[in-house]
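Novice: One structure follows; several queries about it will come next.
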Amino acid sequence: MADPTRTTYDEVLYPSHTHSQTHPDRLATIATLFGMRPAPVDGCRVLELGCGNGGNLIPMAFGLPTSEFVGIDLAARPLAQGQAAVEALGLKNLSLRQGNILEVSADAGPFDYIIAHWIYSWVPPAVREKILAICRGHLAPQGVAFVSYNAYPGSHLRDMVRQMMLFHVRGFSDPQERVNQAVALTKFLAESQTNPDVYRQFMKDALEEILEHEEGHLFHDELAEINAPIYFHQFYQHARRHDLQYLGEADYFEMQNHQFTPEVCQALEQLSNSRIAREQYLDFLKCRRFRQSLLCHAEVPLDLTSKPELLTRFQFSSVARPVSQAPDIHSATIEQFQGKKAASMETDFPLAKAAMLILGEVWPQALQFSELVARSRARLGVRGPLGEAKDDPEARALCEILLKSYGTGMVELHTHAPPYATQVSQRPVASPLARWQVQQGDFVTSQFHISIKVEDEIGRYLLSWLDGTLDRKGIMNKLWRLLESKNALVIPDGDETTARREVEQQLERNLWKLARLGLLVG
Ligand SMILES: C[S@@+](CC[C@H](N)C(=O)[O-])C[C@H]1O[C@@H](n2cnc3c(N)ncnc32)[C@H](O)[C@@H]1O
């Protein structure tokens, strides 16, 4: 007889990874920018609703041993998997509990941060109500809740494909068959289009997206019985009914309009007489289909005016690199910097140019504002301290540029810096969490709470060897033996010395890559 307590998440495991946008550091950053006084990241309590196998909470708890974490989920199988990880890693600050969100008791809180990621749109209305009721009832006075959901208007597009897939798989109950059939239908529809019209492009994009999905995501997200998107203004009203207010988006750049022309931005400001309306019109402009909104108690006074001087409280990091080989930071020449994906910024302000240059050089290290300013001024050959951002125009201009750069994703802000190694030491140490994760599967978590897929076998071995006991020679010997055993050594003309040198150089490059990914701690 079928077990009535077994859920679809027991049947097909959901691929749970880390989500840096849910990390307390991110929530504290946005809260601080909007005038709140959030709990310190290294001394907070965090609740995750629908935590699955703890893929998000386990690395958080590992990285923040002085904070406390609670995860709740209905499905026993992923939780058991998570519990095994908690025990293997000896985590004392994470409790994974099996239970229904509907039954979370009133005395469970308070929590400084509550996370409900990938759940609100996929549960019945009563559970949606309860998620927001828990946010209201269990958040500390300065607490922040993260709630993600499928949003309109973009979800109308996604729903079109979903409905066709659901019709096609209606006769199949086996999960794998449902996934296979859904992919097959989308492929068939995409490849059958001959007219060079909008529909052909749309189906081509839909297929690409579906092929990128992990199968568990397709099964649980697109083929789920419930998948109920809403407009942002409806979500806002829902939050208000629970005495919660909209704080912002977890991704600050999602609140910006920089990809539009000045005319569009002006129209947007005129059209929208409130922040909520502006956000809604932004969704129309961007055809947004997913939101990651932050909420706090309705009575918390927020300061929504832009306050660049607040930036002096943060630590900064940036992967950005100058486009020019020899950037001129001294004059008023415009220099361009390139960040992740398509992000870029340009400035003619010497202090900002020096700051961007330094951040790119020290990445992944994060620098306090005062440290960043001191190093930038030293690079420019300027002596003496910079004034306060509220009354020194130069300091204020730097803060403004950094805030704008945060909005375009060029610069990251942090309230807390995890431990990590910025150099490759004589006896490198990879994060113990990553070393453990690499024994279990393909994904490891960086010190910055980012999931990284380790695809090659050599990379996996390398990570697992870095426990601080081996020096370069020791690592090199292991690597050489491994390559030999795999018949992967290329020794041109029997010249082993040259081959060794090449492997050594490759090893050095890979160790530096691990450091820049935030996977080394010593
Ligand atoms: C789509 S998964 C998201 C997992 C995780 N939050 C993530 O981002 O990877 C949704 C999770 O919510 C859980 N869930 C659904 N309804 C629930 C309920 N009423 N009470 C507790 N957990 C529930 C499921 O078991 C599943 O693990």
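The values are calculated or read from the model by the stated rules, or taken from the named source; none is laboratory data. Model, not experiment: these values are computed from the prediction. Quick reminder, even Gly has a Cβ in these numbers, built from the backbone with ideal geometry, and neighbours come from all protein chains shown.
Novice: Considering only region 86-135, how many residues are over 19 Å from Phe235 (Cα atoms), part of a loop (DSSP other than H, G, I, E, B) and within 14 Å of the ligand (Cβ to nearest atom)?
Specialist: Total satisfying the criteria: 5.
Novice: Considering only residues of region 60-85 that are more than 16 Å from the ligand (Cβ to nearest atom) and surrounded by 21 or more Cβ atoms within 10 Å (Cβ to Cβ), which is nearest to Ala39 (Cα to Cα)?
Specialist: Per the criteria, the residue is Ser67.
Novice: Which one is farthest from Val70 (Cα to Cα) among residues in region 136-151 that are away from the ligand (no atom under 14 Å from the Cβ) and hydrophobic (A, V, I, L, M, F, W, C)?
Specialist: Here the residue is Ala151.
Novice: Are there any pairs, at least 6 apart or on different chains, whose C-beta atoms fall under 7 Å, with the first in region 207-222 and more than 16 Å from the ligand (Cβ to nearest atom) and the second part of a helix (DSSP H, G or I), and if so, which?
Specialist: Going by the 7 Å Cβ cut-off, the qualifying pairs are Leu207/Thr186; Leu207/Lys187; Leu207/Ala190; Ile210/Val183; Ile210/Thr186; Ile210/Leu218.
Novice: Could you list all residues from region 28-59 that are in contact (Cβ under 8 Å) with a residue 60 or more places away in the chain, more than 15 Å from the ligand (Cβ to nearest atom) and assigned to a helix (DSSP H, G or I)?
Specialist: Residues satisfying the conditions are Ala28, Thr29, Ile30, Ala31, Thr32, Leu33, Val41, Asp42.
Novice: Please tell me if Ser306 is closer than 20 Å to Thr415 by Cβ, at pLDDT below 95, exposed (fewer than 15 other Cβ atoms within 10 Å of the Cβ) and of a type outside the set (D, E, K, R). Can you show your working first?
Specialist: Details: closer than 20 Å to Thr415 by Cβ: yes; at pLDDT below 95: yes; exposed (fewer than 15 other Cβ atoms within 10 Å of the Cβ): yes; of a type outside the set (D, E, K, R): yes.
The answer is yes for Ser306.
Novice: Right, another one. Only one of Gln423, Gln437 is touching a Ser or Thr at 6+ places or on another chain (Cβ under 8 Å) and either part of a helix (DSSP H, G or I) or closer than 22 Å to Val319 by Cα (or both); which?
Specialist: Gln437
Novice: Which ones in region 55-103 are under 24 Å from Pro418 (Cβ atoms), in contact with an Asp or Glu (Cβ under 7 Å, 6 or more places away or on another chain) and not hydrophobic (A, V, I, L, M, F, W, C)?
Specialist: Scanning region 55-103 gives Asn56, Thr66, Ser67, Gly71, Asn93.
Novice: Right, another one. Among the residues of region 356-368, write down those that are in contact with a strand residue (DSSP E or B) (Cβ under 7 Å, 6 or more places away or on another chain) and without any contact (Cβ under 8 Å) to a residue 60 or more places away in the chain. Please lay out each step first, then the result.
Specialist: Kept after step one, since they are in contact with a strand residue (DSSP E or B) (Cβ under 7 Å, 6 or more places away or on another chain), are these residues of region 356-368: 356-357, 359-360, 363-368.
Across region 356-368, the qualifying residues are Met356, Leu357, Leu359, Gly360, Gln365, Ala366, Leu367, Gln368.
Novice: Limited to region 309-329, what total is found for residues that are outside any helix (DSSP H, G or I) and surrounded by 13 or more Cβ atoms within 10 Å (Cβ to Cβ)?
Specialist: 12
Novice: To continue, here is another question. Which of the residues belonging to region 364-374 are crowded, with 18+ Cβ neighbours inside 10 Å and touching a helix residue (DSSP H, G or I) at 6+ places or on another chain (Cβ under 8 Å)?
Specialist: Step one: list which residues in region 364-374 are crowded, with 18+ Cβ neighbours inside 10 Å, which gives 364-367, 369, 372-373.
Across region 364-374, the qualifying residues are Pro364, Leu367, Phe369, Leu372, Val373.
Novice: Taking region 209-243, which residues are farther than 17 Å from His117 by Cα and polar (S, T, N, Q)?
Specialist: Gln234, Gln237
Novice: Counting only residues that are of a type in the set (Asp, Glu) and either within 30 Å of Gly360 (Cα to Cα) or touching a residue at least 60 places away in the same chain (Cβ under 8 Å) (or both), how many does region 473-522 have? Explain how you work it out, then say what you get.
Specialist: Within region 473-522, the first condition is being of a type in the set (Asp, Glu), and the residues that meet it are 484, 493, 495-496, 502, 504, 508.
Filter once more, so that each one left must be either within 30 Å of Gly360 (Cα to Cα) or touching a residue at least 60 places away in the same chain (Cβ under 8 Å) (or both): 502, 504, 508.
The qualifying residues number 3.
Novice: Do you know which residues across region 6-20 are in contact with a Phe, Trp or Tyr (Cβ under 7 Å, 6 or more places away or on another chain), part of a loop (DSSP other than H, G, I, E, B) and more than 9 Å from the ligand (Cβ to nearest atom)?
Specialist: Val12
Novice: Next question, about the same structure. Confirm whether Ala116 is small (Gly, Ala, Ser), out of contact with any His (no Cβ under 9 Å at 6 or more places or on another chain) and at pLDDT 95 or above.
Specialist: So Ala116 passes the test.
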